[in-house]
1. Hey, could you check segment 25-34 for residues that are touching a Phe, Trp or Tyr at 6+ places or on another chain (Cβ under 9 Å) and over 18 Å from His84 (Cβ atoms) and say which is surrounded by the fewest Cβ atoms within 10 Å (Cβ to Cβ)?
2. Among the candidates Ile44, Ile80, Ile12, single out the residue that is surrounded by 15 or more Cβ atoms within 10 Å (Cβ to Cβ) and out of contact with any Gly (no Cβ under 6 Å at 6 or more places or on another chain).
3. Please find, among Ser56, Ser31, Ser27, the residue that is assigned to a loop (DSSP other than H, G, I, E, B) and either within 15 Å of Glu3 (Cβ to Cβ) or modelled with pLDDT under 95 (or both).
4. Could you say which residue among Leu22, Leu37 is in contact with a Cys (Cβ under 9 Å, 6 or more places away or on another chain), free of Cβ contacts under 8 Å to residues at least 60 places away in the same chain, surrounded by fewer than 15 Cβ atoms within 10 Å (Cβ to Cβ) and not aromatic (Phe, Trp, Tyr)?
Amino acid sequence: MVEQCMALVLDISQNGLLIESLQEVESKNLSLMASTLKNSLIKIEGKVAHCRKTESGKFRTGVMLQGTHEENVRFVKELIRAYHYQKK
């Protein structure tokens, strides 16, 4: 079982994420961490909704965020800010 891995966020909503990784996510619960633009880490708990292997051999995992509404929104906002900053 993979205890930690890097993943790419493919889709995002206020309540969840679709991530892609090289390893299969076998756990039902996850701790998700991301770096903010201010170089601090934010963390939130998530529950795996599904994990499917793609034709390319990567794994796509749907994750439901398990924080409060405010925690979920803060986590999502920080991910979006970091994404837009990288595009510049």
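1. Leu32
2. Working: Ile44 fails: out of contact with any Gly (no Cβ under 6 Å at 6 or more places or on another chain); Ile80 fails: surrounded by 15 or more Cβ atoms within 10 Å (Cβ to Cβ).
The match here is Ile12.
3. Ser27
4. Leu22
The values are calculated or read from the model by the stated rules, or taken from the named source; none is laboratory data. Computed from a predicted model, the values in this text were never measured in an experiment. All Cβ positions, glycine included, derive from the backbone under ideal geometry; neighbour counts span all protein chains shown.
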